[in-house]
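Asks: Here it is, the structure, as structure tokens.
What follows draws every value from the coordinates through simple rules; no lab data is involved. Worth saying up front: this structure is predicted, and the values here are computed from it rather than measured. Note: ideal-geometry Cβ built from the backbone for every residue, glycine included; neighbour counts use all protein chains shown.
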Amino acid sequence: MKSNQTWVLPLIVGAQFCGTSLWFAGNAVMADLGAAFQLAPSALGTLTSSVQFGFICGTLVFTLLALADRFSPSKVFFASALAGAVLNLGMVLPGHTLWSLVLLRFAVGFSLAGIYPVGMKLAADYFQQGLGKSLGWLVGALVLGTAFPHLLKALSGNWPWKAVIVATSALALSGGALIGGLVPDGPFRKKGQQLNFRVAFQGFAKPAFRAAALGYWGHMWELYAFWTFVPWLVARLPNAATWEPAQLSLWSFIIIAVGSGACVLGGYWAQKTGTRKAATAFLVASGSCCLLSPWLTTWLPLALVLVFLLFWGMVVIADSPLFSTLVAQNAPPEWKGTALTLVNGVGFGLTIVSIQLLQAGVDRLPPDFLFWLLLPGPILGSLALLLTVREGRA
């Protein structure tokens, strides 16, 4: 089975990229959606949160039914990608209201619960050694998939916005076909034998598992709120008022997408320094970016502001595969997929709160200090990891 590892990881990574392009498909064409269906500016937070809420509900169902452990992960991934592609395509239909779009984005989020965590489950079933490196590639694919609709929007020029939606649906369908047709279940898969509603919570009795989950949740409090408001942040940069919409979309893509390489490099670095130490370092770095953002985004020349945002885009996501590695390593082997899905689901629940908090803060707080609302996540997550290590329980 070792020979399979030379080709199976690129296939999972490619499929993960294709499937997760559904995530921000609505965000990339938000201005066009607003014009086409008379949406208010606050629709950005509402539609993004509906995807996150759908993902949470999906992870809850996947967790309680242990779908990724009781059934073939490859088949679960394929079915989820097919459903997500069809539901995403529903946005091109005429006559939508905000709430019909919310329902569609919720359903897309639900389907993503069978793509992102299940892709990690597939990798964990193939790679017991070097799991952090493998998950680094997978989360890197998620980052590129998330950012890709912004690139499509930047490159589409005068194409209709519906072309972005059709393209992301086609990508998701091809990703599902890659897994369903070419990636069998891994050699280290241990099938869950029976439904057990308590198993999802048993891992929290273990300090190392609990610390990994808390660190991941602190990271998630910051991550998706930052990604959601990257276009807003770019639009406020010095001289950005003179930029074309395509230029704003391109920089939004770059700032998010640069985290893809950081995930991969972070996985290699963690092999030398230790997964927990590397994850903590990245979480502290992204929290420092939150803390310094009021000054570094306003006092520096434009070129240096962009360098700062690129650095933030790297460290805000580089710890994600490391936390997933810690969760997978400390979960019961036969319920690894369920544990990953549960921890992901709670983390995405927190993103709804932080996204809505930033959306509310846009009109109520000094804009330069908006991202201070994200500081509690990195601070509390770092403390959970550091205190666990100090007490000798890691």
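Asks: Using a 10 Å cut-off around each Cβ, can you sort 116, 224 from fewest to most neighbouring Cβ atoms? Could you put the intermediate results ahead of the total?
Replies: Working: 116 28, 224 24.
Listing 116, 224 from fewest to most nearby Cβ atoms yields 224, 116.
Asks: Along the charge dipole of the range 1-139, pointing to its positive end and built from +1/-1 on Cβ of Lys, Arg, Asp and Glu, which listed residue (56, 14, 123) has its Cα farthest out?
Replies: 123
Asks: Which aspartates and glutamates does residue 162 reach when only Cα atoms under 13 Å apart count, and residues fewer than 8 places away in its own chain are ignored?
Replies: 32
Asks: Next question. For the range 283-384, what is the relative contact order in percent, using Cα pairs closer than 8 Å and at least 6 residues apart in sequence? Spell out each step's value before the answer.
Replies: Details: 55 pairs, mean separation 49.3, N = 102.
Answer for the range 283-384 is 48 percent.
Asks: In nanometres, what is the gap between the two model label sites at residue 40 and residue 61, each 7 Å from Cα along Cα-to-Cβ?
Replies: The modelled label-to-label distance comes out at 3.0 nm.
Asks: Report the label-to-label distance for residue 86 and residue 71 in nanometres (one decimal), using points 7 Å from each Cα along the Cα→Cβ vector.
Replies: In this crude spin-label approximation the distance works out to 1.4 nm.
Asks: Related question: In debye, nearest 20: dipole of the chain around its Cα centre with unit charges on the Cβ of K, R (+) and D, E (-)?
Replies: Numbers: 22 positive and 11 negative charges, 210 e Å.
So the magnitude is around 1020 debye.
Asks: Among 133/272; 206/277; 133/277; 75/121, which pairs are too far apart, with a Cα-Cα distance over 21 Å? Walk me through the numbers on the way to the answer.
Replies: Working: 133/272 11 Å; 206/277 19 Å; 133/277 15 Å; 75/121 13 Å.
From the list (133/272; 206/277; 133/277; 75/121), the Cα-Cα distance tops 21 Å for no pair.
Asks: What number, in percent, do you get for the relative contact order of the chain if the mean sequence gap of Cα pairs under 8 Å and at least 6 apart is divided by its residue count? Don't skip to the end; give the middle numbers.
Replies: Details: 711 pairs, mean separation 106.1, N = 394.
Relative contact order of the chain: 27 percent.
Asks: Moving on. Taking 0.36 nm per residue of sequence separation and subtracting the Cα-Cα distance, how much length would be gained by fully extending the chain between residue 246 and residue 363, in nm to one decimal? Please list the in-between numbers first.
Replies: Numbers: separation 117, 0.36 × 117 = 42.12 nm, distance 2.56 nm.
Residue separation times 0.36 nm, minus the Cα-Cα distance, leaves 39.6 nm.
Asks: From Cα pairs below 8 angstrom and at least 6 apart in sequence, can you work out the relative contact order of the range 272-341, rounded to a whole percent? It would help to have the intermediate numbers written out before the result.
Replies: Values: 39 pairs, mean separation 29.7, N = 70.
Relative contact order of the range 272-341: 42 percent.
Asks: By per-residue mean of other Cβ atoms within 10 Å, what is the highest-first order of 71-81, 296-306?
Replies: Highest-to-lowest ranking by the protection proxy: 71-81, 296-306.
Asks: Ranked from highest to lowest mean number of other Cβ atoms within 10 Å per residue, what is the order of the peptides 272-278, 234-240, 170-176, 213-219?
Replies: Numbers: 272-278: 17.0, 234-240: 14.6, 170-176: 23.9, 213-219: 25.4.
Ranked by mean Cβ neighbours within 10 Å, highest first: 213-219, 170-176, 272-278, 234-240.
Asks: Please sort 24-35, 133-144 by packing, taking for each peptide the average over its residues of neighbouring beta carbons within 10 angstrom, highest first. The partial results should precede the final answer.
Replies: Values: 24-35: 21.3, 133-144: 26.3.
Going from most to least packed, we get 133-144, 24-35.
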